[in-house]
Amino acid sequence: MTFESLTTGFERYRFSHCALPEFSLAAVDTRTQFLGRRLAAPLLISSMTGGTAEAERINRHLAQAAQELGVGMGLGSQRAGLEDAALARTYRVRDVAPDVLLFANLGAVQLNYGYTVDHCRRAVDMIEADGLILHLNPLQEALQPEGQTDFSGLLRKIEGVCRALDVPVMVKEVGWGLSASLCRRLADAGVAALDVAGAGGTSWSQVEMYRALDDAQREVAAAFRDWGIPTAEALVQARAAVPDLPLVASGGVQNGIDVAKALALGADVCGVARALLAAADTSAEAVARALTTLVAQLRAAMFAAGAPDVAALRHTPLVDILHSSHESTRIDTH
């Protein structure tokens, strides 16, 4: 389910082609560091699923590929696994991904519905995670008949989780973006990283529209088909608001050129989900092939942009085609 007309915004930007890179393609280095861990490429397999037999198979395929490619991974919301111990195994992937930077995941709103720091710690322990993602999804909850919509006082509780856990806490949206002001407040609350998870990829309002139980609910959800902060815009705002905080760019990232643009706009790594889902349903080998293609695209983009490594890519000018059709406009996000 995609947005009707709203896009990620990446199409607004392009690199100035470098016809003489002065280094070889073989020398392009995609390695980077994120939250103290080395990644072979600046990629994080975004949180997708859990809680079912099918999800277990998908998670293991994703994890095996992440291990092979040396990239990070987030699990889907572990609420089901906390509430039914028999489902915990659908999230466990450490046996096939011993070295992967792995994130546990819970909905932040659960902290207003009986969940505590102990639940967060149990989610981390369940999968031997290196960090915890707390996701924010107020619009999705508002569009669900069974939605949990009390988000009051949640920032203080997120701060409490950040202080109490021994692993880094990352906060992410699920596909409508984080605003600059919220990024600043979350940084002040002590989060270790943010995933802007902008609009332009999967439209969860459209998903909820098709899940609606009656025409009235369907009509409410349909009105939000183009709601949200486009991923590129959210990323630029976030980097300006929190210049020193690690950032993940996700939400409609489709290929290695999108990844390259995101890094040039201020991201530290990119989250990819939908582009891998079909492969994940097939096999670990299919996911690895998809990731290998994405990394090859990224390497070629870096080569053609004249950036030999990720650090150089982050300081490579982009052209904003809405404001300049002739000169490279520096997108100052660092």
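Coordinate-derived values only; no laboratory data. Fair warning: this is a prediction, and the values are worked out from it, not measured in the lab. With ideal geometry, Cβ positions are generated from the backbone for all residues, glycine too; neighbour counts draw on all protein chains shown.
The residue list VAL220, VAL191, MET126 was ranked by how far each Cα lies along the charge dipole of region 122-227 toward its positive end, using unit charges on Cβ atoms, and VAL191 comes out on top. Less than 5 angstrom separates the built amide H of LEU43 from those of GLY72, CYS270, all sequence-distant by 5 or more or on a different chain.
Amide H contacts under 5 Å for PHE34: LEU39, restricted to partners 5 or more places along the chain or on a different chain, H placed in the peptide plane at 1.01 Å from N. Each residue of region 48-55 was assigned a 3J(HN,Hα) from its phi angle through the Karplus curve 6.51 cos²θ - 1.76 cosθ + 1.60 (θ = phi - 60°); the sequence is 10, 8, x, x, 9, 4, 5, 5 Hz, with glycine and proline shown as x.
Stretched out straight at 0.36 nm per residue, the stretch from ASP244 to LEU322 would grow longer than its current Cα-Cα span by 25.3 nm. Kindly provide log₁₀ I(q)/I(0) values, in the same order as q = 0.19, 0.21 Å⁻¹, from the Debye equation applied to equal alpha-carbon scatterers of region 44-148. One equal scatterer on each Cα of region 44-148 leads to -0.90, -1.07. Each residue of region 75-87 was assigned a 3J(HN,Hα) from its phi angle through the Karplus curve 6.51 cos²θ - 1.76 cosθ + 1.60 (θ = phi - 60°); the sequence is 8, x, 3, 9, 4, 4, x, 6, 8, 9, 4, 5, 8 Hz, with glycine and proline shown as x.
Calculated translational diffusion coefficient of region 10-320 (25 °C, 0.890 mPa s; Stokes-Einstein with Kirkwood radius over alpha-carbon pairs) equals 125 µm²/s. The relative contact order of region 10-320 comes to 22 percent, based on Cα pairs under 8 Å that sit 6 or more residues apart.
With a/c under 1.5 counting as rounded, go ahead and sort region 241-306 into rounded, prolate or oblate using the C-alpha gyration tensor (a ≥ b ≥ c being the square roots of the eigenvalues; past the cut-off, prolate if a/b is larger than b/c, else oblate). Please list the in-between numbers first.
Numbers: a/c = 2.91, a/b = 1.49, b/c = 1.95.
It is oblate, given that a/c is not under 1.5 and a/b is not larger than b/c.
For the chain, what is the calculated [θ] at 222 nm in deg cm²/dmol (nearest 500), taking -39500 (n - 2.57) for each run of four or more DSSP H residues and dividing by its residue count? Taking each H run of at least 4 residues, the total per residue is -11500 deg cm²/dmol. Rounded, prolate or oblate: which fits region 1-87 when a ≥ b ≥ c are the square roots of the eigenvalues of the alpha-carbon gyration tensor, with rounded for a/c under 1.5 and prolate only if a/b beats b/c? Verdict is oblate for region 1-87. Working out 0.36 nm times the residue gap between ASP125 and GLU4, then minus their Cα-Cα distance, what length gain in nm do you get to one decimal? Stretched fully, the ASP125-GLU4 segment lengthens by 39.6 nm. In order along region 127-133, the Karplus-derived 3J(HN,Hα) couplings, from 6.51 cos²θ - 1.76 cosθ + 1.60 at θ = phi - 60°, round to 10, 6, 7, 8, x, 10, 9 Hz, and Gly and Pro are given as x. Evaluated at q = 0.10 Å⁻¹, the base-10 log of the normalised Debye intensity for region 117-276, with identical point scatterers placed on the Cα atoms, takes the values -0.38.
Taking amide H as placed 1.01 Å from N in the peptide plane, the amide H of GLU173 sits under 5 Å from that of LEU136, ASP195, ALA197, each at least 5 places away or on another chain. Placing unit charges on the Cβ atoms only, positive for Lys and Arg and negative for Asp and Glu, gives region 10-320 a dipole magnitude near 460 debye about its Cα centre.
Rounded to the nearest 5, the antiparallel percentage of DSSP beta bridges internal to region 10-320 is 20%. Each of LEU276, TRP176, THR32 was scored by the projection of its Cα onto the charge dipole of the chain, and the greatest displacement toward the positive side belongs to THR32; charges sit on the C-beta of Lys, Arg, Asp and Glu. Of the residues GLY107, ALA55, CYS18, the one whose Cα sits farthest towards the positive end of the charge dipole of region 1-108 is GLY107 (charges of +1 on Lys and Arg Cβ, -1 on Asp and Glu Cβ, taken about the Cα centre).
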